[in-house]
Every structure is written in C-alpha cells, then in structure tokens.
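S.K.: Sending over a structure as structure tokens; questions will come in a sec.
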Amino acid sequence: MHLSLRKADFLLFFIFLAAALISAVSFPRSAEGKELVRIISNGEEYGIYPLEKNEEIEIVREGHQNIVIIQDGTVHMDYSNCKNQICVHTGEISDKGETIVCLPNYVIVEIIGSGEGGEDDEAVDAIVK
C-alpha cells in the first residue's frame, strides 16, 4: 500500500493542530466541575457532552461519517468511513487534553475542562481592544 502525502495534507494537519491548541487554551467548564467531550467537525464546534454520561454521537457531513461513543468515563471513535482508520485505532481516551483526530473526515474529539475550582474560575477568557 502506497501512502502519498500532499502539501494540502500537511496544511490541513497544522490547521487542526492549531485549532486543538487554541481550544485547549479557551475551554468551557461544566457546572459540576466534570470533564467534557468537545467534538469539532470541519472546524466548527459540533457539540459538547459530559464525559460521565453514556452517549452515542453520529457525525454526518458531506459524505463523511463518524460515530463517537462516550461510555463509562471514556470516549472513543467507534466508526469512521475514512480510509486509514487511525482515529478508530486510537482507542479510548479519558483525560483532559487527550484528543482523537480523524484528519480525512475533519473531525476532532477532545476532552476539555475539569472546573475543579481555584483561581482559574475567574480567569479572563479574552481581551479585546
């Protein structure tokens, strides 16, 4: 099997990486102080879900399909119609900052926020001049 990467593939990878880093800096917090699962599809927030609630989320967009399973405090990519299946083989994630990326389908699944209290509760989100 021959895998060829184009300049556009590298550019797309760095765009997703930048989006993940930016979102890691400005993550929302849940009211209960629990960790959340954020799903980004095609660069836009698809949804935010509590990690402690079992749920199946289907993401369908422009011929791309992914199924994300949140179960027993972990999240994993159960299905993707992409060719390389790296996202499916990533396995379960459960800690803040961990991500699953389906580059061919433009989907990012990440665990965000813990909101355990402390000084970060009143931190500045943004400054606009």
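The values are calculated or read from the model by the stated rules, or taken from the named source; none is laboratory data. Predicted, not measured: the structure shown is a model, and the values here were computed from it. As a convention, Cβ positions derive from the backbone with ideal geometry for all residues, glycine included, and neighbour counts pool all protein chains shown. Please note that ligands, DNA and RNA were not included when accessible areas were found on the heavy atoms of the full protein model with its side chains. Shrake-Rupley method; radii C 1.70, N 1.55, O 1.52, S 1.80 Å.
S.K.: Kindly indicate the residue of region 52-63 that is modelled with pLDDT of 95 or more and surrounded by 14 or more Cβ atoms within 10 Å (Cβ to Cβ) and also nearest to F16 (Cα to Cα) among those meeting that condition.
M.R.: Of everything passing the filter in region 52-63, I59 is nearest to F16 (Cα to Cα).
S.K.: Step by step: first the residues of region 37-88, then only those that are of a type in the set (D, E, K, R) and within 14 Å of P104 (Cα to Cα), then the one that is nearest to the chain's Cα centre (by Cα). Which residue is that? It would help to see each step written out before you state the result.
M.R.: Residues of region 37-88 of a type in the set (D, E, K, R): 38, 44-45, 52-53, 55-56, 58, 61-62, 72, 78, 83.
Filter once more, keeping what is within 14 Å of P104 (Cα to Cα): 61-62, 83.
Numbers: R61: 16, E62: 19, K83: 19 Å.
Applying the filter and picking the extreme gives R61.
S.K.: Looking only at residues that are modelled with pLDDT of 60 or more and in a loop (DSSP other than H, G, I, E, B) in region 4-41, which one is nearest to E56 (Cα to Cα)?
M.R.: Among those that are modelled with pLDDT of 60 or more and in a loop (DSSP other than H, G, I, E, B), it is E35.
S.K.: Here is a further query. Residue by residue through region 72-87, note down the ones that are farther than 17 Å from E55 by Cα and either open to solvent by 40 Å² or more (accessible area, probe 1.4 Å) or outside any loop (DSSP other than H, G, I, E, B) (or both).
M.R.: We begin by selecting, within region 72-87, every residue farther than 17 Å from E55 by Cα; these are 81-87.
Matches in region 72-87: N81, K83, N84, Q85, I86, C87.
S.K.: Could you check how many residues of region 88-106 are touching a Cys at 6+ places or on another chain (Cβ under 8 Å), open to solvent by less than 30 Å² (accessible area, probe 1.4 Å), part of a loop (DSSP other than H, G, I, E, B) and not polar (S, T, N, Q)?
M.R.: Number of matching residues: 0.
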